[in-house]
Amino acid sequence: MKTSITSVILVVLVSFFITPLIPAEITPKDSKELNESTRVIMIKPGQTLADLALEYFGDRKKYKQFLKYNIITDINSVKPGDMIRVPVLPSAELQDQEFQSLASGSSPNITHRRVSGVTEIITVQVGETLVDLAQKYFGDRKKYKKFLEYNDIGNLNTIKAGDQLQVPVLANVATSAKQTEPEEVNQSSSLAKVEAKPTQKTTPPVVLESSMEASVNSSENILQEIREIRQALRNLDSSGSTAETLTETVEEVLPPADIRVFDVPNDAGKGLNTKGATSKFKKGNIVVTWTKSDSSAVIGYHIFRKQLDGEFEQVTKKPVKAGEAKKNVLAILPSYHREFSPSDYTSLGFFADKAETNIPYIYKVAAVGEAGIVSESVESGEVKAVGNLIATTKMPEFLGLLLVAAVTLYFIDKAQSGQDMFIRKIPALDAFEEAIGRSAEMGRPVMFIPGNDDVYKSSSIAAINIFEGAANYAVVMQSHIMSPNQEAIVNQVLSNSLRNIFLYAGRPDLYDEYDVHFETTDQLAFASAIAGAMYRENPAAIFIQGDFGAESLIFAENGNAVGAIQIAGTDNEKQLPYFVVACDYTLLGEELYAAGAYIKKDPIQICTLKAQDLLKLAVFACLIIGSLLALSGSSNGILDFFTQKWFEVIS
């Protein structure tokens with residue numbers, strides 16, 4: 001009890017002597033003016049008013065409540081070492097912990113061991129970690145556990161700025177200590193000291209104090225009393241914990257390995273917004289990969305970069321994880337991923353950085369441990385983001401285009417030389433002449449129904465070519481042809497084509513403008529109009545060519561009801577079954593596109609058709625050969641030829 005009362009008196013006296021050193025920005029109010037219990041504390045390194053507000057008021061946003069207890073001219077100027085009046089917390093246990101921290105110069109979970117040799121007490125600064133201090137005092141970042149030889153630390157993970165540790169005195173400090181009288185004492189804002197363990201005889205401890213900005217000689221007796229209190233508190237520690245009995249250990253953090261850097265290929269130097277890549281990659285133009293650390297305590301990785309003549313700067317805001325790179329590597333580095341088996345992706349780290357173009361960079365990756373320990377990797381090679389003149393991912397399409405053009409030009413040359421170009425027979429097209437001839441014999445008209453697509457669609461263009469072929473047959477056989485339309489522009493094109501056909505045949509007098517006419521754009525209204533026309537005109541041959549919807553079956557059923565020969569054709573796979581069932585002949589899919597060249601016998605169109613058929617045959621053969629190679633398990637040298645790996649030499 002006597003020791004506790006003496007301790008409180010000493011703390012008050014220390015506050016009395018230190019208070020004159022308070023900066024002018026903060027002046028604690030007189031406790032008599034306040035109607036509650038308060039006390040004056042010193043702001044520790046790393047503490048802010050927001051931290052104190054969370055501790056004393058339960059909310060970081062209530063830092064302005066300190067104005068009730070203090071006169072603060074500028075809240076933003078508060079800094080470590082300032083004295084500030086705060087309310088007394090209701091928890092006596094917390095006050096005891098704070099008092100013990102002040103008396104021992106350390107956190108409540110840290111006590112200083114008595115060791116042989118000259119030591120000193122240091123304060124952990126903001127931004128310092130145990131590995132940094134281990135490098136400074138032991139010459140090796142991995143020897144941070146040696147601090148347990150000088151301190152009893154409950155948990156290494158709780159070390160923070162403001163904590164005080166006992167460390168060995170560096171060589172230059174120890175030399176100056178020997179030249180100092182044992183009685184020489186300087187006051188410090190943190191009351192830090194350096195002690196030598198006394199021998200079994202009566203060797204007094206060697207005490208070194210770090211200097212303060214302004215020495216107060218009159219406080220020497222107070223400091224001596226505080227040292228005695230610290231020693232008494234150490235003697236009262238009955239836990240008996242040692243460095244060997246600590247259960248809380250920190251695993252060594254090993255650095256990552258195999259750091260690789262790549263310029264993102266096939267971009268303009270500013271990255272790709274690649275479909276299928278995660279948000280971490282989008283718009284990145286330099287890729288960093290690494291093999292993750294073998295330490296199980298690693299929680300993530302930080303990426304650092306620098307220019308050749310600069311300092312490393314941290315790129316990542318928070319640690320990134322490894323083992324999630326498969327989707328990105330497949331999407332962005334299709335050749336690089338071939339070097340790994342699927343199981344390797346669990347150990348592969350991936351990060352895409354947005355860097356300046358045409359500037360060399362060097363990268364390194366740091367493993368971050370659970371205790372805040374950071375272990376950096378070796379530096380990578382130089383890399384810079386550059387634009388690519390050729391997108392190598394499009395190279396197969398380009399080679400395919402060249403191949404199609406070469407084959408087409410070859411057949412055009414053969415056609416112009418007068419050689420006969422054979423095209424396989426299509427039964428539906430051979431029936432054109434038969435259907436129109438029957439119409440002429442029976443004296444009944446021919447009806448041609450184009451699709452409902454716009455004029456620039458491939459199905460509409462194919463329908464126009466077929467109409468011109470059918471109209472030529474009708475003019476030669478002197479059969480009446482008619483064509484109701486759903487699209488106005490298609491109607492105009494067909495009308496002009498029919499006029500030209502009659503003109504070239506020398507019978508412009510037979511042309512009737514109403515033979516090709518516009519009905520309506522409404523789907524069901526057009527279907528009703530066509531059904532009515534079939535029953536009124538009673539055609540002997542009906543051609544249904546182009547793209548159709550639900551009206552396809554209406555056309556086919558009504559045409560079948562009037563007894564007409566029906567030849568249908570469409571590239572709409574949903575309507576093909578109806579035409580196959582209800583019509584006499586049907587052009588399936590691409591046969592619709594080939595019909596124009598087949599009927600008109602145009603050499604240029606026939607050449608493109610021949611080239612297309614030949615390339616289809618080649619693709620079909622490649623599919624068979626590739627399937628056999630894949631099933632046999634033999635060398636995939638042929639298949640590797642079609643991968644993108646060898647294309648990278650171009651970029």
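Any residue that is assigned to a helix (DSSP H, G or I) and under 21 Å from ALA556 (Cα atoms) - is there at least one of those in the range 445-459? Yes, there is a match, as at least one residue in the range 445-459 is assigned to a helix (DSSP H, G or I) and under 21 Å from ALA556 (Cα atoms). Within the range 475-482, is there a residue that is over 60 Å from the mean Cα position of the chain (by Cα) and either among the aromatic types (Phe, Trp, Tyr) or buried (at least 21 other Cβ atoms within 10 Å of the Cβ) (or both)? Within the range 475-482, one or more residues are over 60 Å from the mean Cα position of the chain (by Cα) and either among the aromatic types (Phe, Trp, Tyr) or buried (at least 21 other Cβ atoms within 10 Å of the Cβ) (or both). The residues of the range 445-489 that are aliphatic (A, V, I, L, M) and over 22 Å from LEU429 (Cα atoms), listed by number, are VAL455, ALA488, ILE489.
Considering the range 609-651, the residues that are part of a loop (DSSP other than H, G, I, E, B) and small (Gly, Ala, Ser) include one that is modelled with the lowest pLDDT, namely SER651.
For the range 73-109, give me each residue that is part of a strand (DSSP E or B) and modelled with pLDDT under 80. Full working, then the answer.
If we filter the range 73-109 for residues that are part of a strand (DSSP E or B), which is where we start, we get 83-87.
Across the range 73-109, there are no qualifying residues.
Yes or no, residue by residue, for (1) at pLDDT 95 or above; (2) farther than 15 Å from ASN558 by Cβ; (3) surrounded by 14 or more Cβ atoms within 10 Å (Cβ to Cβ); (4) out of contact with any strand residue (DSSP E or B) (no Cβ under 9 Å at 6 or more places or on another chain):
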| residue | (1), (2), (3), (4) |
| --- | --- |
| GLN486 | no, yes, yes, no |
| LEU503 | no, yes, no, yes |
| TYR514 | no, yes, no, no |
| HIS517 | no, yes, yes, no |
| LEU524 | no, no, no, yes |
| ALA527 | no, no, yes, yes |
| GLY546 | no, yes, yes, no |
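In this structure, does VAL365 turn out to be modelled with pLDDT of 80 or more, assigned by TED's automatic domain parsing to the domain that holds GLN314 and under 23 Å from the mean Cα position of the chain (by Cα)? Yes; evaluated as a whole, the condition is true for this residue.
Output yes when any residue across the range 130-146 is among the small types (Gly, Ala, Ser), at pLDDT 80 or above and not in a loop (DSSP other than H, G, I, E, B), and no when none is. If you could, list the steps in order and put the result at the bottom.
Kept after step one, since they are among the small types (Gly, Ala, Ser), are these residues of the range 130-146: 134, 139.
Right, trim to at pLDDT 80 or above and you get 134, 139.
Right, trim to not in a loop (DSSP other than H, G, I, E, B) and you get 134.
Looking through the range 130-146, at least one residue is among the small types (Gly, Ala, Ser), at pLDDT 80 or above and not in a loop (DSSP other than H, G, I, E, B).
The values are calculated or read from the model by the stated rules, or taken from the named source; none is laboratory data. Keep in mind that what you see is a predicted model, and the values were worked out from it rather than measured. Ideal geometry is used to build each Cβ from the backbone, glycine not excepted, and the neighbour counts take in all protein chains shown.
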